[in-house]
Each structure stands twice: as structure tokens, then as C-alpha cells.
Amino acid sequence: MSILNKFIKDKFKNPYIIVASSNSNMLYAKNILEKNSIYNELIPTPKGFGEICTTAIKFDKVHQDKIIKLLNQNNVDYKGIYSLKNRYKYDLSSIYGMNISDNMRSILQKISNNIDLNKEDILYVLESKDKIVFDALIKTADVIRKECVGDRIEIRAAIEFSNYCIKNCNYCGLRRHKNQFRYRMKEDEILKEVDKLYKLGIKTVILQSGEDPYYTTEKIISIIRKIKQKYKMGITLSIGERTEEEYKIFKNSGVNNYLLKIETSSEDLFEYIHYDSKFKTRVKHTEWIKNAGLRLGSGGMIGLPKQTLDQIADVILFQKDYGVHMIGFGPFIPTKGTPFESEKTSDLDLNLKVIALTRIVCQNVFIPATTAISTLNREGQTKSLLAGANTIMLISTPEKLREKYGIYSEKNMVDLDFTIESIKYSNRKLPKYLNYDYIQELGYDIDKNLK
């Protein structure tokens with residue numbers, strides 16, 4: 001039995017969802033249900049019921065009448081209550097014409113009818129050496145990507161403001177015991193980089209660091225409030241494990257998303273790669289982030305030492321079962337000066353399979369074409385976009401510091417040039433919100449077909 005099953009229990013015999021009119025109404029509704037002892041879970045709103053990266057409340061139909069009464073009594077503004085049996089259907093007719101196996105045809109039929117894939121389905125695809133299965137998978141994920149999130153790529157930008165870390169993870173170049181140059185950016189330095197992103201038209205900034213207690217709650221909130229007041233940008237925090245109360249404070253201060261990867265849903269593997277972290281603690285933090293009303297970012301590494309395909313199948317399912325909104329899977333890349341520096345580098349095709357399966361299983365979510373996969377293979381970002389990914393993260397750390405944030409060796413510093421190239425060759429489009437006049441003033445030549 002997967003360790004996942006120890007934490008996830010199917011408590012919904014006849015699952016329904018509430019789609020609220022806003023995030024605040026969603027949190028209000030959830031609080032009402034919990035006060036009335038009605039079991040519920042937060043999930044990304046499924047395709048056909050709402051927009052990408054919004055949150056719905058899942059419950060069992062047995063509570064429907066009581067819930068409607070409670071919502072109306074408390075003046076909760078909600079769009080509707082829907083059965084998850086009435087799911088969106090996908091047209092995969094163009095893929096059925098391929099010379100696929102009976103097993104793959106059966107899997108495609110489930111996908112077409114929006115029936116959840118089980119672990120055996122996922123393992124069949126992961127284990128297959130058949131190129132036709134691979135090609136069919138990639139094309140299927142691309143169909144679902146187009147239906148769910150369209151052709152425009154979401155571009156976000158990361159400011160890696162500190163490479164100090166109190167953790168000692170065996171794979172990470174920021175680990176505490178690695179002897180290297182350390183840096184911390186001051187608040188005004190961070191805001192200077194945010195200003196550059198604002199001028200480009202970027203809508204979401206990712207504030208990322210090692211797990212560095214120097215940046216207290218007060219320091220983080222000061223940065224958040226200044227960004228919100230002056231630029232009104234979306235904010236993603238990626239600063240490691242904090243307290244349950246801090247997640248709530250961050251949410252109330254204006255943070256939209258919080259990225260804390262599970263990395264693997266195998267307890268044994270998690271604690272093998274994390275020298276001083278516990279799997280159950282990470283799961284608890286995952287729950288705290290969701291319950292604070294933050295959109296949850298998670299994902300993991302593919303090709304870790306001792307990792308099995310069975311474990312990879314589990315960690316894909318973890319993303320769905322925990323209602324993750326932003327799912328980043330990237331390859332394991334050995335990092336010099338770490339205990340794993342001599343381990344084998346991950347395989348590109350396996351990573352593309354995982355991206356495609358994640359799109360198929362989770363559907364209406366953000367999936368990045370990670371910096372790591374573009375480091376593994378220069379065409380990795382383009383191939384990820386063709387396999388179901390829809391988001392790119394620019395590296396926006398000051399140039400003098402970029403190479404010092406070495407979570408893995410020989411990191412590809414994904415910039416706007418590289419992003420435009422990847423989008424062009426994947427036949428996607430840039431987001432409408434970019435400030436194209438300013439970008440062209442900077443010397444970028446952007447094909448009108450990309451806009």
C-alpha cells in the first residue's frame with residue numbers, strides 16, 4: 001500500500017462541489033461547513049465548472065440540502081452547486097487513429113469521458129517503452145491543455161533573495177553544510193527587481209529563498225505590503241516551512257500562492273533525500289497552506305536516487321488528492337558538493353511523461369515548464385509546453401547573484417529571450433498582459449504571431 005493511502009481517504013461516495021463567486025466567499029463557506037461538522041475538501045475547480053486556478057469545495061451529496069440552507073442563511077455568494085458526475089468530455093478522435101495498444105485505447109477512453117485514471121493506468125504509461133504510447137500520451141495532454149488553459153503561456157518571475165538555508169537536504173546546492181558564498185538581499189534590492197518586472201508587465205512575482213529564519217514574519221510582510229501597495233502584483237512565496245499561523249498572516253497580508261513541494265509521496269524516500277525533515281510534517285504544512293486560503297504549489301523531482309515508477313505514480317496522484325493548483329515536476333540533476341553529486345541524472349522522456357500525466361490527471365491547473373528541465377536539455381522547456389505545461393518562470397535575481405543560487409549544477413538562467421524562443425517553437429502565444437511597447441524598446445524583436 002502506498003504511504004499516500006494513509007493520508008488520503010475517499011469520503012465522498014457521491015461527490016459534489018460548491019463554486020463560490022470569490023475566494024473570500026469560498027473561505028467563508030468552508031468555515032460555515034466546518035462549524036457545522038460537514039466534512040469537505042478544497043480542490044482546484046474542475047474544467048467546465050470554473051476558471052483555472054480557482055478553488056471549489058468538495059462535499060458529499062448527502063449534505064446538499066443542509067449546505068444550501070446554511071449558505072443562504074449566511075448570505076454566501078456562490079455560483080452554483082454541481083455534481084462531479086457531470087464532467088466535461090474531451091474529443092480525442094484524432095488520437096484514436098494511431099496504432100495504439102488495447103490498454104492504451106482503454107486509457108484514452110477513460111480520459112475522453114473524464115473518468116479518473118487509477119494508479120495502474122498511470123504505471124502502464126510510465127513503464128511502456130512503446131513510442132506510439134509516448135506520442136499518444138503527449139498529444140492527449142496537449143488536447144487537454146488547450147481545452148483547459150488555452151494557448152497563451154503564463155509568465156511569472158522569481159527573485160531568489162537569499163541562498164541561506166537551515167536545512168541539509170541531500171540533493172540541494174543550498175544545503176547548510178555546503179561551503180559556498182552566501183547572500184541576502186535587502187528589502188530595497190528586492191523592490192528594485194520587482195519594479196523591473198512591473199515595467200515588463202509581469203503580473204506575478206515569486207519570492208524564493210532557502211529556509212532562512214533571518215527573514216522574520218515582519219520582514220516578509222513589509223516586502224509583501226510594499227509590492228501590493230505600489231504594484232498590485234500577485235505574490236507567490238517559496239520560503240520553506242513556516243507555522244500554521246504565519247500562512248494565515250501571509251494570506252491576510254496579500255500573498256496569493258505558496259509553493260512548498262512535497263518532492264515525493266513516499267515517506268521512506270522523502271526522509272532519505274531530506275536529511276532533517278519529516279514527511280508527515282511536510283504533509284501537515286501542505287494542509288495548513290490550503291486551509292489558510294492560499295493557492296497551493298507543489299510537485300516533485302523525477303529520477304531521484306532509489307525512486308521507483310510506483311513512487312512516481314503515487315506523487316502524481318498526491319497532487320490531485322491534495323487539490324494542488326500549481327504543480328511543478330522537474331528532473332533530478334546532481335549538484336556538486338552534495339551527497340548526491342555522483343548520482344545519475346534524470347531522463348528527459350520520463351519527465352515529459354510525468355508532465356503529460358499530470359495535465360491529464362489534474363487538468364485545470366498551472367503546470368510549469370521548469371528551469372530544471374531546460375537545464376537538463378535546452379529543448380526541454382519547449383517539449384514540456386508541447387506535453388501539457390503552460391507556465392514559464394523567468395529568473396529575475398540580480399545577475400551578480402544568479403549563479404550563487406545554485407540549487408543544482410549548471411542551472412539554465414531562463415530569461416525573456418529564452419522564454420520567447422521556447423514559446424515560439426512550441427507554437428504557443430505570449431500572455432496579453434505584457435508591456436510589449438516597453439519590451440520592444442529594450443531591443444526585443446517579437447513576432448506579431450506570438451502576441
Problem set entry | Extended-chain gain in nm, criterion 0.36 nm per residue less alpha-carbon gap, HIS177 and ASP445 | 92.1 nm
Seminar exercise, completed: So, for the Cα atoms of the range 100-247, Rg and Dmax in Å stand at 21.7, 60
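Where does the range 171-275 land on Rg(C-alpha)/(2.2 N^0.38 Å)? Intermediate results must be reported in sequence, preceding the final value.
Working: Rg = 15.4 Å, N = 105, 2.2 N^0.38 = 12.9 Å.
Taking the Cα Rg and dividing by 2.2 N^0.38 Å, one obtains 1.19.
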For this session: Apply 1/(1 + (r/R0)^6) to the Cβ-Cβ distance of LYS429 and LYS13, taking R0 = 30 Å, and write down the FRET efficiency to the nearest 0.05.
Result: 0.10
For this session: First select every other residue whose beta carbon is under 13 angstrom from the beta carbon of THR397; then total the charges, Lys and Arg +1, Asp and Glu -1.
Result: +1
Exercise. How far apart, in nm, are two points set 7 Å out from the Cα along the Cα-to-Cβ line at ASP417 and at GLU218?
Worked result: 4.4 nm
Exercise. Alpha carbon centre of the range 133-164 versus the range 171-192: separation in Å?
Worked result: 28 Å
Problem set entry | Distance in nm between pseudo-label sites at GLU127 and LYS61 (7 Å out along the Cβ direction from Cα) | 3.5 nm
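Quick check: net charge around LYS146, other residues with Cβ under 13 Å of its Cβ, Lys/Arg +1 and Asp/Glu -1?
On the way: positive: LYS47, LYS139, ARG145, ARG152, ARG359, ARG428, LYS429; negative: ASP91, ASP142, GLU147, ASP151.
Counting the neighbours of LYS146, the net charge comes to +3.
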Problem set entry | For ASP188, net neighbour charge (Lys/Arg +1, Asp/Glu -1) across residues whose Cβ lies under 12 Å away | -1
Seminar exercise, completed: Applying a 4.7 angstrom Cβ cut-off across the chain, unpaired cysteine residues come out as CYS53, CYS148, CYS165, CYS362
Problem set entry | Whole-angstrom gap from the range 211-241 to the range 272-324, using each part's C-alpha centre | 23 Å
Seminar exercise, completed: Here, the range 131-217 modelled as identical Cα point scatterers in vacuum has Debye log10 I(q)/I(0) at q = 0.13, 0.16, 0.19 Å⁻¹ of -0.69, -0.81, -0.88
Seminar exercise, completed: Against the 2.2 N^0.38 Å rule of thumb, the C-alpha Rg of the range 256-383 sits at a ratio of 1.02
Exercise. Looking only at the range 305-333, which residues have a backbone nitrogen under 20 Å from a spot 7 Å from the Cα of SER106 in the C-beta direction?
Worked result: 310, 313-314
Problem set entry | Paired Rg and Dmax values of the range 332-451, which use every Cα atom, in angstrom | 15.7, 48
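Show me the three semi-axes of the equivalent ellipsoid for the range 3-83, from the C-alpha gyration tensor (sqrt of 5 times each eigenvalue), largest first, rounded to whole Å. Before the final figure, lay out the partial values.
Details: eigenvalues 76, 51, 27 Å².
Semi-axis lengths for the range 3-83 are 19, 16, 12 Å.
Out of all Cα-Cα pairs in the chain, roughly what percent, to the nearest whole number, are more than 30 Å apart? Display every interim value, and only then the final one.
Values: 44317 of 101475 pairs.
Summing the P(r) tail past 30 Å for the chain gives 44 percent.
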Exercise. Rounded to the nearest 5, what % of the DSSP beta bridges within the range 149-450 are antiparallel ones?
Worked result: 5 percent
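FYI, it's all coordinate maths here, none of it is from the lab. Everything numeric in this text was worked out from a predicted model, so none of it was measured. Counting neighbours? That spans all protein chains shown, and the Cβs are built from the backbone with ideal geometry, glycine included.
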